[in-house]
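Written below as structure tokens is the structure these notes are about.
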Amino acid sequence: MTDWAGKKVLMIGAARQGIALSRYLANKGTKVILNDRRSDEELTAAREELEGLDISWVTGDHPIEILDGVDMVCLSGGIPLNLPLVQAAVQRNIPLSNDSQIFLEAAPCPVIGITGSSGKTTTTALVGEIAKQHFAFKKTDNQVWVGGNIGNPLIQEIDLMKEDDIAVIELSSFQLEIMTVSPNIAAVLNLTPNHLDRHGSMS
């Protein structure tokens, strides 16, 4: 989905990714519902970051009724797919997405994706630095955008990107669970038995 005006999106999780995506969608004319099980008091800083935007907050629980009329459900990286609210969305055939999926759908420039069990952050930073040195050698004003699971959601910078720039994004296994769009170039570094409490098995 790229035409967000007038759509209704439920964002589950008000961590860094959820805040960045909620801001992006609200600025595109989307009616955003931001849901987090934490209390209003615990979410004071997050609410201040999004003050003035057309965002409705539902806190303290994950009530199923907030799915009514929703066009899409977006998940922060730490939200498990077995959460009853997410399962209810799947049963209603409501599409699931996240900040990285939406970034890849809308990115105006080539994107290099890095994933794997370990070494993602180091490799993402290294590839980004190589790309920066390439542009410096060519003496161009193109920019390299480095982010994703590395700590900087690239969706918050997408409107500044140009088609001749390069984006390098770190992708976690949690994000990839629901993603259906691939980067232009992707590297899978290694696979080891990590996060089996989330994924269940290596398969």
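Readers should treat all values here as calculations from the given coordinates under stated rules, not as data from a laboratory. Not measured: the values here are computed from a predicted model. Here the Cβ is made from the backbone with ideal geometry for all residues, glycine too, and neighbour counts use every protein chain on show.
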Query raised in the report: Taking into account only those residues within region 49-71 that are touching a strand residue (DSSP E or B) at 6+ places or on another chain (Cβ under 8 Å) and among the acidic types (Asp, Glu), which is nearest to ASN93 (Cα to Cα)?
Result: ASP71
Report summary line: If we take region 23-111, then strands (runs of 3 or more DSSP E) inside it with 2 or more residues that are more than 27 Å from GLN143 (Cα to Cα) and among the hydroxyl-bearing types (Ser, Thr, Tyr) are 55-59
Report task. Confirm whether THR59 is crowded, with 17+ Cβ neighbours inside 10 Å and either under 23 Å from ILE178 (Cβ atoms) or not β-branched (Val, Ile, Thr) (or both). Result -> no
Query raised in the report: For region 10-22, which residues satisfy the criterion of being in a helix (DSSP H, G or I) and surrounded by fewer than 20 Cβ atoms within 10 Å (Cβ to Cβ)?
Result: ARG16
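Yes/no matrix, rows are residues, columns are (1) more than 30 Å from GLU65 (Cα to Cα); (2) under 20 Å from the mean Cα position of the chain (by Cα); (3) aliphatic (A, V, I, L, M):
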{"site": "CYS109", "(1), (2), (3)": "yes, yes, no"}
{"site": "LYS120", "(1), (2), (3)": "yes, yes, no"}
{"site": "GLU163", "(1), (2), (3)": "yes, no, no"}
{"site": "ALA167", "(1), (2), (3)": "yes, yes, yes"}
